[in-house]
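Okay, structure first, notes after.
Nothing in this text is a laboratory measurement; each read-out follows from the coordinates by a stated rule. These numbers come from a predicted model, not from an experiment. Ideal geometry is used to build each Cβ from the backbone, glycine not excepted, and the neighbour counts take in all protein chains shown.
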Ligand SMILES: [Zn+2]
Ligand SMILES: [Zn+2]
């Protein structure tokens, strides 16, 4: 695959994000950075170094909807924009804002998060200014071949994001991996509204582990990661990530020597996390609890507005 990596700064803790320029029958860019002026400069610079201009790009292809990946979709005047249908919900559907607020409020109440934090977390989630707002040109579905790139197949890999795809080149066996697997840090199995826009919470960590297992079923020479370096030993790293989650899951089981809410478990599991990190740590804890329920080690019961987890 003729591929050029463009490193783009983000305002987030995760640091830089990677975009990938791929020359096939079409000239495509996979992910486009956060919608900030410095990210725009990095994009222009990277594309120029590869011998092109923004107007030469024919397709913008998105691994998922998070703003560090899908911010600058409108920077390319001649490009078609491809990604999961879910991305459109975040880009241009103002009316969905109140659904999303209601979804998060319901989940946070179930987790027994105190009211003062619920509003804070919803405010953080609502920060839409770093998102693009152009509708997609074409929706990608699981196992679609990417136009202009024969043999490049999209695989739906939810967990970190409900819109997440990886792109596998059947010939070179390279993968553009988005945030499915990162070299230095674990991807967070974020709690997000489901693709069908109901109020049933997707079990993100369980989805994420299934996506990782799928990744290891592919024959891969190199994975181009959304953050940090390329990954060669995919199976080894997947193993490390899953083992770490199982360790954490056992820790959560220990914490549940008496029935607790998600919020209570989170406070014990992440004693040093600040308020800003609460949304992320709640997602992780929820994931470990979902795994324990799935493995029939604990149960979850609804008590009034919240859920209580206890050992079986
Ligand atoms: Zn992401
Ligand atoms: Zn990311």
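By the Stokes-Einstein formula, at 1.002 mPa s and 20 °C, region 259-302 with its Kirkwood radius over alpha-carbon pairs has D equal to 197 µm²/s. Here the gap between residue 300 and residue 216, fully extended at 0.36 nm per residue and compared with their Cα-Cα distance, gives a gain of 27.1 nm.
Placing one identical point scatterer on every Cα of region 28-67 and ignoring solvent, what is log10 I(q)/I(0) from the Debye formula at q = 0.20 Å⁻¹? With no solvent term, the Cα-only Debye profile gives -0.61.
Of interest is the spacing of the C-alpha centroids, which for region 142-195 and region 1-33 amounts to 14 Å. Take the Cα of residue 120, step 7 Å toward its Cβ, do the same at residue 257, and the gap between the two points is 2.9 nm. With R₀ fixed at 45 Å, the C-beta to C-beta distance from residue 56 to residue 267 puts the FRET efficiency at about 0.30. Ellipsoid semi-axes for region 7-153, based on the Cα gyration tensor and the rule √(5λ), read 31, 18, 12 Å when sorted largest first. Modelled spin-label separation between residue 49 and residue 246, with each label point placed 7 Å from Cα along the Cα-to-Cβ direction: 4.0 nm.
Working note: Debye formula, equal point scatterers on the alpha-carbon atoms of region 92-156, no solvent; log10 I(q)/I(0) at q = 0.22, 0.29 Å⁻¹ is -0.91, -1.18. So for region 7-52, what percent of the C-alpha to C-alpha distances run longer than 11 Å? Pairs farther apart than 11 Å: 65 percent. Taking other C-beta atoms within 10 angstrom as a stand-in for reagent exposure, 209, 257, 164, 45 fall in the order 257, 45, 209, 164, fewest first. Put in line by how crowded their Cβ is, counting other Cβ atoms within 10 Å and starting with the fewest, 210, 264, 95 read 95, 210, 264. Reducing region 61-81 and region 270-312 to their Cα centroids gives an inter-centroid distance of 33 Å. Annotation: Cα Rg of the chain relative to the compact-globule expectation 2.2 N^0.38 Å equals 1.01. The slack in the chain from residue 142 to residue 41, taken as 0.36 nm per residue of separation less the alpha-carbon distance, amounts to 33.1 nm. The Cα-based radius of gyration and maximum Cα-Cα distance (Dmax) for region 226-272 are 14.9, 43 Å.
Taking every DSSP beta bridge that has both ends in region 161-312, the antiparallel portion is near 70%. The convex hull of the Cα atoms of region 96-232, projected and averaged over all directions, covers 9.7 nm². Counting neighbouring Cβ atoms within 10 Å and putting the fewest first, the residues 10, 266 line up as 10, 266.
Taking every Cα-Cα distance in region 209-312 and sorting them into 10 Å bins from zero, the calculated P(r) comes out as 13, 38, 29, 16, 4, 0 percent. Evaluating kT/(6 pi eta Rh) at 37 °C and 0.692 mPa s, with the Kirkwood radius of region 1-86 over Cα pairs in the Stokes-Einstein relation, gives 261 µm² s⁻¹. Among 51, 178, 71, determine the one that fluctuates most according to a GNM of the chain built with springs between C-alpha atoms less than 10 Å apart. For the chain, modelled as a Gaussian network with Cα springs under 10 Å, the answer is 51.
How many percent of DSSP beta bridges within the chain run antiparallel, rounded to 5? Taking every DSSP beta bridge within the chain, about 70 percent pair in antiparallel fashion.
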